[in-house]
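Nothing in this text is a laboratory measurement; each read-out follows from the coordinates by a stated rule. Keep in mind the model is a prediction, meaning the values are calculated, not measured. Backbone-built Cβ (ideal geometry, glycine too); neighbour counts: all protein chains shown.
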Amino acid sequence: MPKTCCAVGCQNHNMMLKSLSFHKFPKDQERFNLWLTALKRDRPDGTPWIPTKNSVVCNAHFISGKPSSDQTHPDYVPTLFNYNTNVSSKKQQQQKTSEAC
Ligand SMILES: [Zn+2]
């Protein structure tokens, strides 16, 4: 079954590049919440998104390329995201709409 990264703005999936690795959400509740906060992902209807057992984050979101179990390490939580991708595409859509009008 193909795994797709659940990060906002990330289209990476395991059928694409063999160099990618995918990481499940941590079992530790506190760290799990940190990951969830870092992802800043909401459903289209505005309700909070809850990861499933199959939700994974790809290694593109970790500075060193993989998560660390060391709390003092920056890769304890994924930090590299492309939130702006969605914002800019929305702006472009709005511009297109106004041009059409
Ligand atoms: Zn990703």
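Sorting Ser21, Ser55 from the fewest to the most surrounding beta carbons within 10 angstrom yields Ser21, Ser55.
Protection proxy ranking, highest mean first, for peptides 25-34, 7-16, 56-65, 38-47: 56-65, 7-16, 25-34, 38-47, where packing is the per-residue count of other beta-carbon atoms within 10 Å, averaged.
Placing a pseudo-label 7 Å from each Cα along the Cα-to-Cβ vector at Arg43 and Thr79 gives an inter-label distance of 3.2 nm. A crude spin-label estimate for the pair Leu34 and Asn54, with each label 7 Å from Cα along the Cβ direction, gives 2.8 nm.
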